[in-house]
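Asks: My structure is below; once you've seen it, I'll send some questions.
The values are calculated or read from the model by the stated rules, or taken from the named source; none is laboratory data. As the structure is a prediction and not an experimental result, all values here were calculated from the model. Cβ atoms come from the backbone with ideal geometry, glycine included; neighbour counts cover every protein chain shown. Surface areas here come from the heavy atoms of the whole protein model, side chains and all, with no ligands, DNA or RNA. Shrake-Rupley method; radii C 1.70, N 1.55, O 1.52, S 1.80 Å.
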Amino acid sequence: MKKIVVMSDSHGYHQMINRVKELEPDGDYYVHCGDSEAETYMMQDWLCVKGNNDWYSDFPNQIKFKVEDLNFLVAHGHRFGYMDRETSMIYTLQEANCDVLLSGHTHVPMYKEVDGCTLINPGSTTLPRGGSNRSYCVIYVEGKDLKVEFKNLDDF
């Protein structure tokens, strides 16, 4: 079983990047879904994509990686627009030939399965929206099975 630690939208609060890693020291993968507002060297232990506020980084727009028998795609959510967002997410995931999309941008945690596609947003570690708490998530993968746990940073 592999453990993936996912966060997003830390917006320059770099201590949150370190805090999440301290809380989850046994992660096999660490993923930041964009808007870290960190310089590239600060994220060298993370798979990190460029968000709409990452002006000073050279992070890629998206990353693909495989864990066990699942293919993951990471992209910041601003790439999916606001109208019919979910359809755009599913289309992008299918075009990339991946099973799971990890994205940020909305600052609202989400875990949804649609037409064999899994969409996960860890929420924001610093600026939650929609009545949510400051959060990140942990994904456990075994074969093609995954389990998602959202972690409330307001508890720490």
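Asks: Is one or more of the residues making up the range 7-26 free of Cβ contacts under 8 Å to residues at least 24 places away in the same chain and among the aliphatic types (A, V, I, L, M)?
Replies: For the range 7-26, residues free of Cβ contacts under 8 Å to residues at least 24 places away in the same chain and among the aliphatic types (A, V, I, L, M): absent.
Asks: Regarding the range 59-75, can at least one residue be identified that is more than 23 Å from V100 (Cβ to Cβ), assigned to a loop (DSSP other than H, G, I, E, B) and not β-branched (V, I, T)?
Replies: no
Asks: Let me ask another. Looking at the range 49-85, which of its residues are at pLDDT 90 or above, open to solvent by 30 Å² or more (accessible area, probe 1.4 Å) and within 17 Å of V114 (Cβ to Cβ)?
Replies: N71
Asks: Taking the range 86-105 only, how many residues are open to solvent by 40 Å² or more (accessible area, probe 1.4 Å), part of a helix (DSSP H, G or I) and either in contact (Cβ under 8 Å) with a residue 12 or more places away in the chain or closer than 18 Å to D35 by Cα (or both)?
Replies: The total comes to 2.
Asks: Moving on. Could you grab me the full set of residues in the range 3-28 that are in contact with a Gly (Cβ under 7 Å, 6 or more places away or on another chain), among the small types (G, A, S) and more than 21 Å from Y56 (Cβ to Cβ)?
Replies: Once the filter is applied, which keeps residues that are in contact with a Gly (Cβ under 7 Å, 6 or more places away or on another chain), among the small types (G, A, S) and more than 21 Å from Y56 (Cβ to Cβ), the range 3-28 yields nothing.
Residues are listed down the side, and each one gets a yes or a no for (1) in a strand (DSSP E or B); (2) over 18 Å from A75 (Cβ atoms); (3) touching a Pro at 6+ places or on another chain (Cβ under 7 Å):
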residue: G12; (1), (2), (3): no, yes, no
residue: M16; (1), (2), (3): no, yes, no
residue: R19; (1), (2), (3): no, yes, no
residue: D26; (1), (2), (3): no, yes, no
residue: V31; (1), (2), (3): yes, no, no
residue: E37; (1), (2), (3): no, no, no
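Asks: Taking the conditions exactly as written (surrounded by fewer than 19 Cβ atoms within 10 Å (Cβ to Cβ), under 28 Å from Y41 (Cα atoms) and touching a residue at least 24 places away in the same chain (Cβ under 8 Å)), does V108 satisfy them or not?
Replies: In short, yes.
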